[in-house]
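Written out below as structure tokens is the structure these notes cover.
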């Protein structure tokens, strides 16, 4: 069986707001014992956690894109994507201590939802997650035909592209 490389799944968790400690699901083995970068998502909906290698690739994409933008927008992209980054560590017991500036983002509620989305882990305030997830489900339902056929046939490399409107 092939190993799946990435962060996947949705998990309820609690953050100790005093220490910033959150226990990460042991299903997220990719994070065990790793240094990570924690950032605040630019629209301030959730925290993002990336391993250093993934963060370096992300940073390169952000900087390359910023270089193509007008100066004011380029600065906003750099500051809002990279300016909140802070180094942290997931220990061998799957505990992550959130840096102070990212833990303050979570406010006064310690209930969070961890969402693995492949190359990063999102940390949502539980109440925000409930609202956002309901909105995401509505968007998926409203646009299902536009994306689902392509996603579900993606394992078949010999299949011809699906015609639009078919």
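Between residue 72 and residue 88, what length in nm is gained on full extension when 0.36 nm per residue of separation is reduced by their alpha carbon distance? Extra length available between residue 72 and residue 88 comes to 2.8 nm.
Could you calculate the contour length gain from residue 35 to residue 64, that is, 0.36 nm times the residue separation minus the distance between their Cα atoms, to one decimal place in nm?
Numbers: separation 29, 0.36 × 29 = 10.44 nm, distance 2.41 nm.
Length gained, residue 35 through residue 64: 8.0 nm.
From its DSSP helices (H runs of at least four residues, each -39,500 (n - 2.57)), the chain gives a residue-normalised ellipticity at 222 nm of -11000 deg cm²/dmol.
To the nearest 0.05, how large is the calculated FRET efficiency for residue 148 and residue 19 if R₀ is 30 Å and r is the Cβ-Cβ distance? Kindly include the intermediate steps, with their values, before the conclusion.
Values: r = 43 Å, r/R0 = 1.43.
Approximately 0.10, to the nearest 0.05.
According to the Kirkwood relation over distinct C-alpha pairs, the hydrodynamic radius of region 7-125 is 14.5 Å. Among 78, 153, 103, a tally of other beta-carbon atoms within 10 Å of each Cβ gives an order, fewest to most, of 153, 78, 103.
Here the relative contact order of region 7-125, from alpha carbon pairs under 8 Å that lie six or more residues apart, stands at 43 percent. Roughly what angle does helix 126-142 make with the longest principal axis of the chain, taking Cα atoms, 0 to 90 degrees, to the nearest 10? Relative to the chain, helix 126-142 is tipped by roughly 10 degrees.
No value in this document is a laboratory result; all are computed from the given coordinates. As the structure is a computational prediction, the values presented were derived from the model and not from experiment. Glycine gets a Cβ as well: all are built from the backbone with ideal geometry, and neighbour counts include every protein chain shown.
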